[in-house]
Amino acid sequence: MRSIAIYCVRRRNPIMKESVPQIMRACTKRSTREQYRSLLQRLVLISLLLSGFAGAQSDLQTTAEQILKESGVTGGLIVHVGCGDGRLTAALFTQQGRLVHGLDSDSARIESARRYIQSRNLYGPVSVDLWSGSRLPYADHLARLVVVSPSAPVPPKEEILRVLAPNGKALFLDESLTVKKGSTIEKPWPELMDHWTHYLYDSSNNAVSKDRIVGPLRSMRWAAEPNWLRSHNWYSSFMAMVSAGGRLFYLIDTGPAPLAGQKTGTEPPQRWQLMARDAFSGVELWGMLLADSWDARDYEFTGPAGSLWGTPLTVNRRVVATDERVFATLKYRGPVSILDAATGSILGEVKTPGHVEEILHRDGVLYLRVRDIPPRPEKMPGGGQRAKLAELYSDYIKNLPPERVVAARAENGEVLWESPARLVAGGSLAAAQGRVCYHDLKDIVALDAKTGKELWRTPASPSFPADRTLVRGIESPVVLYKDYALFSAGDGLVCLDAATGKQLWKNPRARIGIGFSAPTQLDVINGIVWAGTGRMGAGLDVKTGAEARRLDLGEMLARGHHIRCFRGKATERYLITPMRGAEFIDLEGEGLNMVHDWMRGACGYGVMPANGLLYGTPDPCQCYSGTKVNGFNAFAAQIPAGIDIEGKTFAARLERGPAFAGDLPSQISDFKSQIAQSQSAEWPMYRRDAARSGSAPAARVPTTLTPRWSASLGGDLTQPVIAEGRVLVCDRASHTIHCLDAATGQRRWDFIAGGPVDTPPTLAGGRAFLGGSDGWVYCLQANDGAVIWRFRAAPGDQRIVAREKVESVWPCHGSVIVSNGLVYATAGRSSFLDEGIFVFALDAATGEVRHHGRLEGPWPSREQLRAGVRKSSEGGRASDEENGGGEAKGGKKSAKSGAASKASSAPAGTVNALNVVDFSKDWATGYDTEGARSDILVSDGAALYMSQAKLDMTLRQVPTPRSKWDGRRAMGARHLMATAGFLDDTYFHRASWLYSDTWPGFPTATGAANAGVILVFDRERSYAAKLYGTSRYPDHPTGSGVRLVADRLDAPSYTLDEKPGGGGGVGTAWDRGAPPVWETGIPLLARAMVVTTDADGKGQAVFVAGAPDVTPEGDSMAAYDGRTGAKLVSVAAADGEKLAECDLSAAPVFDGMAAAMDSLFVSLENGELLRLGSSR
């Protein structure tokens, strides 16, 4: 299992002076999909930069460099209108940190351009597509540069301005491909759009953006990795994000998830980086590997060591940005470095003794909190020993060395003044209106911003008692607003005259809350102060402290769970609270109040409203598992214009290809159903059948395997599919479907789709059916790849950037289901985004729509918002105390004996669904909401399943009633499901695959029967690779490989609090209700599995492939970096006895193995497709 992240060439960067050998060493854990593609692109790019193209291409390279020089664009998405043969389009890709997307109105030119770009090994970061009409196929504010060739139809100016990012440019070329004089269009920064340059907006600590475009979330604008924080039980791995000049900057630890926990048996390795992305497209601009200079184990005493709550919130104040510069500490204990925002090049540093804990920037001056290394107890008590921690923290505070506040020129780091401080309370430092203020745990202190001289000092008690402050070492910020300084002291909210320090008023009932290990909210908006733990009912007049406004929200902010682990933010129109996800409270009439339980922010950081978007950051939460949109995402309030949600344009969206014949329907008389488990020796779709079993009936694969052939295809391969003597496999990196001869491995044909294809096609009736992330469903002739028909399932033609690829707002998964002559496919990401997920049943012969539907919302009404969500304490469990945050609100704990009694009466094989309370009428609880998230379809022939959603075969939605507060849902039939989606390959400890008739909801299912990080099943049993135990916390012992476990398909499972006989514990995880059939250790990090069966469907052999989980010389990252080799192991399905093993040249891609023709076909991470069989 290996991923290699390569960043842009920064020739003057002393941290990362790159050569080919150094690039090879700069391995950074990311998604497997970025692996060899990134390395190959970098090596090709270096070759081009060193040698250039020959002849005409060399001239085009010079032309492209001149165009880019005139534009001033250094990164982001470049759109080339009129791409022609693709040569200039390819030349515009001169460095990492850019994506190039070309458009042309001629299909022949598009085909030629694709082949040319593919020949340069650039397809993916450079891609082209067909376009006609006046509307450009992009989301608003997406492109940094639009280049219009002379032969292209010129889009209207207003359309170009729509797609350009603020400060972006459009250049028009003449016949000689030089920029026409006076023709350049530059998009100004919108007056209603704002930046976010500090953790709390700016140096004033008033976390209120002036952005008037940000609003309740309705649209995805870009998506990026990672899918998760590393762990729920390790230091927060995403911190300090800020934005300026249309760029994002943040700190991230990209180490692998299984090595981030307190029970792994080793110190989790870390790979901290300072990263930059384009704020409008999400394109990765540059990254700086901080190597050993940043180590979370150096964090001072702020709580339980090695836990999510041991991360000092002051880490968020280590990065500050302006349009041209980034100021950051590149070592945890070190100075401030000054970086070029566009390239990441280091320009200088502020030289001052000690290390910098916090950074502010105001009017060209940096204000720094500087301290010596604080002492730390030799041994820290556990997180549950709050009293002991509080005692230690009090002693720790008394023994801290004195600190300093330092001012330095932002331009060159020249120190202007230093002011000694007894202490500077974490997060309290603020600067505005010519003053620098902080709290020293006794007084609020004000300094003259020009000289550093003390102006005044006013006593103020600490914000929180020691047993709360210790969790993050954080205090209330001093908030500077116009002529006022506000601080939430222990005895109430205090407002001081900022000029004199005189107390103007104090309100003991209004103060910032601690929330769940983080202060909640203290914002001043248009003269009204909003503070508290989240109820936010009353706003106070900043001048007098009197109530100025009261919000009538009802129970909208009732959480039903602990408050999220991050601070709330705001804009001038909306309070954005952290109760369950991100709640928008409209301060201008309350007409647009809305909750977004289906998204999150990183623990300790949260979300950020800026650039007209709300940025949702990676999280470790299992709540709302059936709907939560995971990853690093940018959301907009504006739904794409010009889309067809009613199906009025179906006819226009269906295109006949050159292979479509007039009598084709009669030629295809019988499309066999691919739902039932065929007894053939083929593997015609992803995981062989629509049930996604991963089983190969009557495959006769020998247990001792030797290579029959290998094909070096390159890129990022999917699982292969095999039928009628052909092997088809997709390269996600280059949008290409490869067809090979199954007997010899010789290539037969390639097809380049309009976007990445994430899973392999479905083969049926001599045709290949697939969906593309361009939003189209394709039908190809399997013998030559010619297009028979294609249907645009996306309701509009609009592109965004997702994980460094240009794709539709409504992508389709590659694997579609073909059943009874119909092709079932979906388009979309979430029922809450971009008008929902669109579902189709298309005629397999013609592509015509036979059934269609849409999963949208549900959006709670005003009355539902006021009523609030069902709290878990109302359904049999007191939530807040047992979940570690706040006080329980109403309700009583129910007797667990009753629940156990209910559980014991459940039928065998049921992952128990208790009707303790009827939750089916509630739109949401504190752990679950109605709605759907896109995933690969699964079918048992009677219904279709996608995450927690269920449809019948005519695409009518079938209810999946919530049976308990935690989101368990009765699905009606057992089937395979993946709580984080089938394509999530991260091994995140709260995600699992399972075979069940119950969606598991909030409780982690890793310890259940028929569950694991990947599994396969036959007619009687499942075979699961288990990396974790029953706990919902990471407990994989480093170097131990996986446990391969066989279970009866009807084996029962229960949550810990409901297990028959009194399992004990709380209902946060599932446990098995019966022993496994067998269990054995496999010393691999299992990445791919197949089970072969006899003609009756009974298992014969289980094949498991992956990297050996070993730690040579204590190097726990070796297996995850692909430095331990790879193996394929077979065991007997009857008893788990080892049969054989063989070496592989590289680890398989996740779920990248298939069985057919008496052989295994394996897609490897090095881009190789391998057939293994007998030695004949």
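Values quoted throughout were computed directly from the atomic coordinates according to the rules given, and no laboratory measurement underlies them. Being a predicted model, the structure only gives us computed values, none of them experimental. Cβ sites come from the backbone with ideal geometry, for glycine too, and all protein chains shown count toward neighbours.
What percent does the relative contact order of region 388-449 come to when contacts are Cα pairs within less than 8 Å and at least six residues apart? Before the final figure, lay out each step's value.
Numbers: 79 pairs, mean separation 12.9, N = 62.
In percent, rounded to a whole number, it is 21.
Sort Trp965, Trp789, Trp417 so that the residue with the fewest other Cβ atoms within 10 Å of its own Cβ comes first and the one with the most comes last. The most exposed by this proxy come first: Trp417, Trp789, Trp965. Reported to the nearest whole Å, the Cα centre-to-centre distance from region 1131-1176 to region 735-768 is 20. Could you pull out the pairs from Lys569/Lys1026; Lys1026/Lys1059; Lys331/Lys482; Lys181/Lys210; Lys187/Lys450; Lys210/Lys442 whose alpha carbons sit more than 29 Å apart here? As for pairs spanning more than 29 Å Cα to Cα, those are Lys569/Lys1026; Lys331/Lys482; Lys181/Lys210; Lys187/Lys450; Lys210/Lys442. Seen from Val436, the other residues with C-beta closer than 11 Å to its C-beta sum to a net charge of +3, counting Lys and Arg as +1 and Asp and Glu as -1.
Using the 10 angstrom Cβ neighbour count as an exposure proxy, how do Ser773, Ser1031, Ser1175 rank, fewest first? Don't skip to the answer; put the middle values down first.
Working: Ser773 27, Ser1031 19, Ser1175 9.
If I rank by nearby Cβ atoms, fewest first, I get Ser1175, Ser1031, Ser773.
Please say if region 993-1128 is rounded, prolate or oblate, where rounded means a/c under 1.5 for a ≥ b ≥ c the square roots of the C-alpha gyration tensor eigenvalues, and otherwise the choice is prolate for a/b larger than b/c and oblate otherwise? Oblate is the answer for region 993-1128, as a/c is 1.5 or above yet b/c matches or exceeds a/b.
Quick one: net charge around Ser112, please, counting Lys, Arg +1 and Asp, Glu -1 for every other residue with C-beta under 11 Å from its C-beta.
Working: positive: Arg87, Arg109, Arg114, Arg115; negative: Asp85, Asp104, Asp106, Glu111.
Neighbour charge sum, excluding Ser112 itself: 0.
Give the order of His439, His813, His975 when sorted by the count of other beta carbons within 10 angstrom, beginning with the fewest.
Working: His439 28, His813 24, His975 21.
Starting with the residue having the fewest Cβ neighbours, the order is His975, His813, His439.
Neighbours of Thr571, meaning other residues whose beta-carbon lies under 10 angstrom from its beta-carbon, give a summed charge of 0 when Lys and Arg score +1 and Asp and Glu score -1.
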